[in-house]
1. Per residue, how much accessible surface does chain C expose to a 1.4 Å probe? Answer in Å², no decimals.
2. Protein chains only, probe 1.4 Å: how do C:R320, C:R12 rank by accessible area, largest first?
3. In whole Å, what is the distance between the alpha-carbon centres of region C:93-137 and region C:44-85?
4. So if I place +1 on the C-beta of Lys and Arg and -1 on the C-beta of Asp and Glu, and nothing else carries charge, what would the dipole magnitude of chain B be about its Cα centre? I want it in debye, nearest 20.
5. So which residues of region B:171-197 lose at least 50 Å² of accessible area, probe 1.4 Å, when you go from the chain by itself to every protein chain present?
6. What does the accessible area per residue of region A:56-270 come to in Å², with a 1.4 Å probe and no ligands, DNA or RNA counted?
7. Return the FRET efficiency for the residue pair C:T325, A:L259: r is the Cβ-Cβ distance, R0 is 51 Å, and the value is rounded to the nearest 0.05.
8. Which of the residues in region B:230-244 lose at least 10 Å² of accessible area when you go from the chain alone to all protein chains together (probe 1.4 Å)?
Amino acid sequence: MVKDNRLSARLWAFANWAVIGFFILNLFGMIATVVTSSFATRWLGTWLPAGWTTRWYSSAWDEFQLYDILSVTFQIVFLVVFLSGLIGVPAAYALARRDFPGKKLVMLLFLLPLLVPPITFGIPLATVLYRAGLAGQMSGVVLANLVPTVPFVILVMIPFIEQIDTKIEAAARVFGANTFKLFIYILLPLLAPGILAALLLVLVRTIAMFELTFLTAGPTSQTLVVALYYAVFAAGVRAVQSIDAMAVIYMVTTLVWLLIALRFVNPTQIVARAKR
Amino acid sequence: MTSPSSSIDPGPAIPLSQRLAARGLDGLTLLVVPAVLFLLLLFIYPFFYGLFLSFNPKAGGTLANYQRFFSDSFLYGTIATTLWLALPVTVITLLMAIPIAFRVRVMKHQRLLTTILVIPITLGTVLVAQGLLSYLGPQGWFNRTLLTLGLISTPVKLLHNYWGVFLSLVITGFPFTFLLTLSYLSGVDPALEQAGATLGAGPWQRFKHILLPLLLPGLAITFCLSFVQAFSVFPSAVLLGAPAGPTRVISIAAYQAAFEEYDYSMASAVAMIMGVVQLSIVVAVLAARGLLYRGPAGGGKG
Amino acid sequence: MTIHAASFRELRLDRLSRDFGTHNALKDVSLTIQQGEFIALLGPSGCGKSTTLNIIAGLLPATAGGIWLDEKRIDPLRPEERGFGMVFQNYALFPHMSVTKNIGFGLKMRGVAKAEIERRVGEAVALVRLQGQTGKLPGQLSGGQQQRVAIARAIVVEPPLVLMDEPLSNLDAKLRLEMRAEIRRIHNTLGATTIYVTHDQEEALSLADRIVVMRDGQVRQVGVPEDLFSRPDHLDVAEFMGFRNKIAGTASSVSGEHATVAIEGAGIVGRVRNTVTPGLAAHVAIRPEDLHPVAAGSAGIKAQVISTEFRGREFVGFARMADGTDLSFLATERLAPGAEVTLAAEPDRVLVYGAAA
């Protein structure tokens, strides 16, 4: 941008920063409220709680059976990550390297699940999965979650693969690599950073994916975010602090993976997935 | 071919596999097949299944579900309710996002800010709803601060009404809109703005004549994506809003039909209607976008 | 032709500096440019030539120093208030505007009446020979045509000063020659004062009235092309201008314009370019095309041939001295690798630089 030091420009800049500052302040206020409450003995009508305790964490752990929920969550998430990589990366490779009749249609097929919100396609999808007897168990949840993540991996990987020079593969062929060796020695090392980034993003998105899991999960296949929803929905049954403790556990789970993912990707990539 | 009328030798026959390869179909292309099959099975098939199901109601004729939807204000009203949330939220977040994205684009510690903003997206609507439940409450820090500053005399009611849902949509929607806008903006070559300046264009003229026209197609996409997200609001409408009244959004109607009345046929009909409304807004915006310049936003060749 | 440059007498850069953190990108650059001059800022990448241009355009603030257009100080002005024309390296054409709109943009910003814009754009289009292309978008034009649009866009506003930032670097070799002639022709037609940034010495030599050689953020030498080509003031400038053979030795004697440098026992005579003190270290600089093999036993630099390449009319030879210095020279015949050669040049074609350089 070209520098501008006039008063009007400065006022406008100040207004912009004020908006973003106000937004971040409230965002942190909201998060801090949850964290504070989870450590509070009693917190009613004051700025800060009457006292501090960690007992809500152990009671939340037992009341909500968080051990089971966390293990279910991670089983589902890792299955989704693994399968979306397995299905998505080869497809992305084919799409990046080949032009074939109907390619536009195939691209549209991969774009749609990312453009249509999960709740819209989730209801017919859940219906089908219930009819097939898969909903209510882990396999159904995994299948439902794969619907947006497979296209996500494909769309993240295509530009990444395109920027790898095809001459490198040609060179490997010339020097005698067969398809398998080409894949192991050339493609995998070259694609690894892209795959890692795509799969980490899938991981973060799947932990936080509420709608699809909510629509297809049964009592034994709930992930953390769905359990959290039910706990908040049935507020009054449990102590608020206990729910907040669970929320903190959820936040930590998500944000740790987010921080890991951000070592490899740019924050804008988390939303800017479907460019052009 | 042994047609007597043709005296030209067709040459040795080319194997089918090579002819296919010439059109881009070979072993490598087949790698796309599992993904295509998967999505046909779990995205396209359920859609048509739902469409079919919606025309096979539990009771009544083919169109009974749709007739019921559009004759019951408790059902058709959800469209207006949802639009009344989604449209203002999308417009406001976009209007906030554009100038801020312009400012942040030239900022040095851009990554810190984008990281902070990605947090609410990552946490998701359920956690944001749960957090706002305490934060915006009558005893929450938000009302407390306003009371202390003397801006209000009694706590503002921000929960279990329109505003609770509205604010939660802004908290998750603004970062989304902002990051999308920022990524489109960073695709515009900064030399174009500099060229504008050396040709005598002031800041407002540079925005109006150069940046905005180049950005509009991207902003149209951003608008669509943000709108579609806001339109499918669900957990926060239940947790922060008044799901029986003012914030009974269309996804609640669909959910109730499916999982409370177990009327999958009706639920599918509502989901189809939801999809049609989203699609028509998106199509309208994209049709307008078709009138805009859509080439590369770089200043050089290629 | 009614497009003409707005008039002023001189543009003065006064001790311009710019810091990037601790590192100086530009240090005390002073320069006076007369109206109508074509000035080339020449130097390797990172020498500060583009920084200087951007500071003149107002796209970068200087951290110290000032810019005067006659008596008016212009460095506090924003770029849009300076009224200069600029041609960018990647052209920076507005991709969503037609050729006509691109060229007319500056006039529109100045609030010129529609009919007048139309007339002047028409003249500019004719000047850069783009008739028939005016309705197209930049993306539909070839590189050379885009270049012409960029030039037309810069000159149509009749700027007192036209700034060009490596405008030919994106074109292929043939087109580059063609556009070089074109830029010279347009400059001759309009007489607009031009500052032209390039890293290509041939481009600078052929286009400029005066060349400013920059290095490490400083001006090393200012001069007309002929002077820079044959009489560079510094050893590094000499190397950059094509005196590719740089040989270290010890100055043995100085007499008037000439000095003798002892190199591995032989005395090489050349013209003194700075202070040369007998007994102290000195360098001689010789262009490859001035260095030839001479009969064994005559005065010259001894080296061992590495290879020779055929270049059509003559051979280019590569040789290495005993101390490892690589030399290139012209030969009339192919020389056997490994052979000993003695190389010498006309004293007037040899430059001698003292250790201070």
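The values are calculated or read from the model by the stated rules, or taken from the named source; none is laboratory data. A quick note: this is a predicted structure, and the numbers were derived from the prediction, not measured. Note that each Cβ is placed from the backbone with ideal geometry, even for glycine, and that neighbours are counted across all protein chains shown. These area figures cover heavy atoms from the full protein model, side chains too; ligands, DNA and RNA do not enter into them. Shrake-Rupley method; radii C 1.70, N 1.55, O 1.52, S 1.80 Å.
1. That works out to 43 Å² for each residue.
2. The ordering from most to least exposed comes out as C:R320, C:R12.
3. What the calculation gives is 26 Å, centre to centre.
4. With Lys and Arg at +1 and Asp and Glu at -1, about 820 debye.
5. B:I171, B:S183, B:Y184, B:Q194
6. Computed with neighbouring chains in place, this is 40 Å² per residue.
7. E between C:T325 and A:L259, to the nearest 0.05, is 0.40.
8. B:S232, B:F234, B:P235, B:V238, B:L239
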